[in-house]
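For reference, the structure is listed below as structure tokens.
The values are calculated or read from the model by the stated rules, or taken from the named source; none is laboratory data. All values derive from a computational prediction rather than experimental measurement. Cβ sites come from the backbone with ideal geometry, for glycine too, and all protein chains shown count toward neighbours. Only protein heavy atoms, including side chains, enter the accessible area calculation; ligands, DNA and RNA are left aside. Shrake-Rupley method; radii C 1.70, N 1.55, O 1.52, S 1.80 Å.
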Amino acid sequence: MSKESVQMRRRLLLVGLILLLGFPILLGRLVQIQLLEGFRWRQLGQQQAYRHVDIPARRGAIYDSQGRVLATLEVRYRVAVDPKVSRFAESASALYNRLAQFSGRDPDFYARRVRQAGSARYVLLESGLPEQEARQLERERWPGLILERRLERTYPYRQLAAHVLGYVNLEGNGVAGVEAYYDSLLRGHPGRRLVRRDRLGRLRPLVGAPEVEPHHGQDVVLTLDLRKQAIVEAELANGVRTAGADWGVAILMDPHTGAIRAWAVYPTYDPNRPGAVPVEWLRNRAITDPLEPGSTFKLVTALAALERGVVRPEMRFPSGFGVFRGIVMRDPEDWGAISLAEALARSSNVALAHVAERAGKGALYQMARNLGFGSRTGIDLPGEVGGRLKKPSQWSGTTLYWMAIGYEVAVTPLQLLCAYAAVANGGLLMRPYLVAERRDPNTGRRWITRPQVTRRVCSPESARIMRELLMQVVERGTGVRARLEELSVAGKTGTAKVVQEGRYEAQYRAMFVGFFPAQEPRAVLLVMIGHPRGAYYAGEVVAPVFRRIAYRLGGLMPDVQRLLASSAQADGYPAEARLPVPNLVGLPLEQAQELCAALYLKLEASEEEAGWVQEQQPRPGTLVPVGSAVRVRSLRRPGPMPELVGLPLRWAVEALERSGVRVRWEGWGKVVRQEPNPGAAIPPRVHLIAGWK
């Protein structure tokens, strides 16, 4: 036998020996896995094949006080692209231009996003695209286009009440406004469902598996009234533009309850696209920006002296010129010795400094504290600050005199409004609030907000005298341009210089705070305009805005309506005023008519047209004279199923039937459920359930 054959045999024997010895080891391992550890491995396999997935909870809707839907969920699309797809580069510019037509952005915005993404295969370009526009993009077959369907938060009235509503981020969490303050209640809690993963990794429902239903978010009803909100926003925007100013704030409140009826900040934004405006436009100046209140703070000085009993309305004080602890004060002119009523009407700094001397720093500080200055009001919005009110131990020798006329103190517009509301209602400081009611759709439970008195700030008699003094400001003083022939108004003007980096600049803030009717106040209103150009005194810039708002709001208040003249052309609302046209596209025709009526505009539509507004002329935002016509064209049948929850049942049924859709409905009141859901294709027959839950 050759040497090579011997070596080969040895190798075969070695391999055979290894196999012979390895077989018992493999057999033992098999027994261990199958018999001894089989249960554990089967459990592990089931854990990998089965898993729990979340069932999303529906975010609660937000309504105004009359049940109109201000925030809801609708089908929306995210638009993304894969830049690595062939032919994307050739069509990219055209795609960016197409998206710009839908969003109003610059096409370069999308080009920059793609460039900054580098080598990414997924670049998000836009979110919140309506289904109709997404379908158009889909039909156009753009290379690399990615459309993702999802339920997104939408705000049907766009900019209306934006700083109250706030908005949500891409994850659906509240970022600002009511959306952020009540986020945990609006969001709800997701449910859980057991699913099975097949061999290809796809998740399949497991028939008969236990399921935990989601706890849907609570619905929220605000104290705001959409019609009043529309009036206040339109007039504030008109006033800011007329004055050439940078910004404005206006708030309307019920002085007896603290309920906020309208809240406007200008410039505003669309909560559907909060990223489309400068960041400073998102700031809620009414609670985040403390400022020196100027002459509007003279209410505190006069009320402190009246409550302490050291002055009477007929007492006379020097005016024109005065020196107080080394500081020199001057009035626009010397009126001689004037009464407290005249001092407030003429806004005499010198006379009010003498009043503050009589009251003393303890009384002035305590009245300011009682009226809520230096602490938060407790409004149910995030970001509120308490302002600045120094303790008497921190005062300088001149603080008493400066504070008497509204300097060396910083307040928010909302704090100022609440102080005047306390005088209007007889001396009670009320906690302001925006949410009137919360509703749990899972259980039917309701939580109703009750008016809350913070404290009594003065006697009813002192408040009555103060109301009469403030009436004189409007009747014959600096607030005369807020006067209405048909309606008694009381209030105070204020003009204050702007402080920047510790120095007073040649910029001003003009404000007017008042209430009406003066004898039996039903509403208290603050209007503030920042950095007007040209005329800057509050009596010239802000008082006319207050007058126009008060007149128009009076027509919506049953208690006030009887006091107003029936003429369409009011003294408080000049014919030359111009208003922005609201965005009506997508609204039911009857809802569009109501919004136009609130803004003193006429809606024109052909008798045969019905359903949902598809086009309008003039375009949204166009400035038109009072009483102008807005022409609309509506669809007989809307594209995707609209959001009907929250609308009066009569409106929803009539709009659908006029559009050729048969409706089966149950109950009465407002729509609380609809089939199919918003965004779905409309079937020949729609089912609506109405009620008051």
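List of remarks:
- The set of residues from region 627-647 being in a strand (DSSP E or B) and either at positive phi or at pLDDT below 70 (or both) comprises Leu635, Pro640.
- Within region 612-626, if we keep just the residues that are surrounded by 14 or more Cβ atoms within 10 Å (Cβ to Cβ) and not in a strand (DSSP E or B), the residue that is modelled with the highest pLDDT turns out to be Pro618.
- For Ser459, the conditions (1) on the phi > 0 side of the Ramachandran plot; (2) modelled with pLDDT of 95 or more all hold with the exception of (1).
- Filter pass, Ala57 being modelled with pLDDT of 75 or more, closer than 30 Å to Gln229 by Cα, of a type in the set (A, V, I, L, M) and open to solvent by less than 100 Å² (accessible area, probe 1.4 Å): no
- Pairs are defined by a Cβ separation below 6 Å, a sequence spacing of at least 6 or placement on different chains, a first member in region 156-183 that is without any contact (Cβ under 8 Å) to a residue 40 or more places away in the chain, and a second member that is open to solvent by 50 Å² or more (accessible area, probe 1.4 Å) and not polar (S, T, N, Q); the pairs so defined are Asn169/Val175.
- Test: residue in region 293-303 that is touching a Ser or Thr at 6+ places or on another chain (Cβ under 8 Å) and open to solvent by 40 Å² or more (accessible area, probe 1.4 Å): no
- Within region 355-379, residues that are closer than 13 Å to Lys298 by Cβ and among the hydroxyl-bearing types (Ser, Thr, Tyr) have Cβ atoms under 8 Å from residues that are open to solvent by 30 Å² or more (accessible area, probe 1.4 Å) and in a helix (DSSP H, G or I) in no pair, counting only partners at least 6 apart in sequence or on another chain.
- Flag if Glu485 is out of contact with any Pro (no Cβ under 9 Å at 6 or more places or on another chain), in a helix (DSSP H, G or I) and open to solvent by 10 Å² or more (accessible area, probe 1.4 Å): no
- Cβ-Cβ under 7 Å pairs, at least 6 apart or on other chains, region 390-405 side closer than 17 Å to Ala351 by Cβ and in contact (Cβ under 8 Å) with a residue 60 or more places away in the chain, far side assigned to a loop (DSSP other than H, G, I, E, B) and of a type in the set (Asp, Glu): Trp402/Glu408
- Yes/no for Leu147 being within 20 Å of Arg76 (Cβ to Cβ) and without any contact (Cβ under 8 Å) to a residue 60 or more places away in the chain: no
- Pairing residues of region 240-255 that are assigned to a helix (DSSP H, G or I) with residues that are open to solvent by 10 Å² or more (accessible area, probe 1.4 Å) and among the β-branched types (Val, Ile, Thr), at Cβ distances under 9 Å and at least 6 apart in sequence or on separate chains, gives Thr242/Val541; Ala243/Val541.
- Any hit, region 227-235, residues being open to solvent by less than 30 Å² (accessible area, probe 1.4 Å), without any contact (Cβ under 8 Å) to a residue 40 or more places away in the chain and either under 22 Å from Val513 (Cα atoms) or out of contact with any Phe, Trp or Tyr (no Cβ under 6 Å at 6 or more places or on another chain) (or both): no
- Residues located in region 321-351, provided they are open to solvent by less than 10 Å² (accessible area, probe 1.4 Å) and assigned to a loop (DSSP other than H, G, I, E, B): Ser348
- Among the residues of region 286-320, those identified as of a type in the set (A, V, I, L, M, F, W, C) and either under 18 Å from Tyr407 (Cβ atoms) or outside any loop (DSSP other than H, G, I, E, B) (or both) are Ala286, Ile287, Leu291, Phe297, Leu299, Val300, Ala302, Leu303, Ala304, Ala305, Leu306, Phe317.
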